[in-house]
Every structure is written in C-alpha cells, then in structure tokens.
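Single-structure report; data block below.
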Amino acid sequence: MPLNIDFQQIFLHLLNFTLLFAILYYLLYNPVKKFMAKRDEYYANMDKEANAHLESALHDKEEYAALMASADEEIHQEKEKVRKELDELYTRRVRQAEDEAAKILANARQDAEREKTNIIASAQSEISDMVTAATEKIVLQASASEAFEQFLDAAEGGMDDDRN
C-alpha cells in the first residue's frame, strides 16, 4: 500500500456514497420532482383557464359595449320619435285651442250683436213709450188748459150776457 491508501475503504465509501445518492434520488428527489411537475402543470392549467376566462370576459365586455352603443342609439331614436310626436300633438292642441277660441269669439260677437239689437229695440220701445206718455201729458195739459180757457171764456161770455 503505497502512501497508506486503502482502496477497499475508498471503494466502500464510494459504494456508500452511490447507495446514499441512489436512495436519496429515489426517495426524495423523484417525488419532489414529480410534485413540482404536477404543481407546475396545475398552475399552468390555472393560468390557461384564467386567460380563457379573461378572453371570454373581454369578448363579453366588447359585446356588451356594442349592445350598449346600439341601445343608446335606439334610446336616442325613440326619444326623437317621442319628441316629434309631442311636437305634433302640441301643434295639434294649439291649433284646436285657436279654433275653439275663434269659435268662442265668434259666438260671443254674435251674442253681443243680438244683445245690442235687443237693447236697442228695448230702448227704442221705452223711448217710444216715454214719448207717447209725454205727448199725452202735453196734449192733456194743453187740452186741459185749453178747455179751462174755453170754460173761462164761456163763463165770462155768459156773465157778460147776464149782465147785459
């Protein structure tokens, strides 16, 4: 043995080291490696699913945005349609109110004209009655005073005849 090296001890240490390496490899390294591979696969699948859900959500968001845009356009069109209908209704109502006001004014003018005619006729009748009454009074007064004067004249004439 040169240099006091025991090859048998070296081989035994090498065999121990190889056995320890093989046992550790099969007992620790392989299960940990398999566990890590499964974990990587699990997280890769989760990432794929998350990306798929994200893509789906983005697609749905785009669809909803398009639907909202079309809904906004429909709402705008409906508002315009209703606004036009309201304008037409307003115009129709104003026209009806103006026509009704014109009819009311025409009826009021006719009623006023009738009332005016009735008042004038009534006034003329009253004036005529008052003129007739006044004339009768004047005539009666004139005839009464004339009759009285004739009576006095006749009485004077009779007295003059009696004196004579």
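Each reported figure results from applying straightforward, stated rules to the coordinates on display, with no laboratory input. As the structure is a prediction and not an experimental result, all values here were calculated from the model.
Once the chain from Gln8 to Lys84 is taken as fully extended at 0.36 nm per residue, the excess over their C-alpha distance is 16.5 nm.
Residue by residue, the range 59-74 carries 3J(HN,Hα) couplings of 5, 4, 4, 5, 4, 5, 5, 5, 5, 5, 5, 5, 5, 4, 5, 4 Hz when phi is fed to the Karplus relation 6.51 cos²θ - 1.76 cosθ + 1.60 (θ = phi - 60°); x denotes Gly or Pro. Between Phe151 and Ala123, the contour length at 0.36 nm per residue exceeds the Cα-Cα span by 6.1 nm. So which aspartates and glutamates pass the test for Lys79, namely a Cα distance under 15 Å, with those fewer than 8 places away in the same chain ruled out? By straight Cα distance, Lys79 reaches Asp87, Glu88.
Structure remark: mean-square fluctuation, Gaussian network model of the chain, C-alpha springs under 10 Å; the largest value among Glu55, Glu149, Glu41 belongs to Glu149. Both radii were evaluated on the Cα set of the chain; the Rg over Rh quotient, with Rh as the Kirkwood radius, amounts to 2.12.
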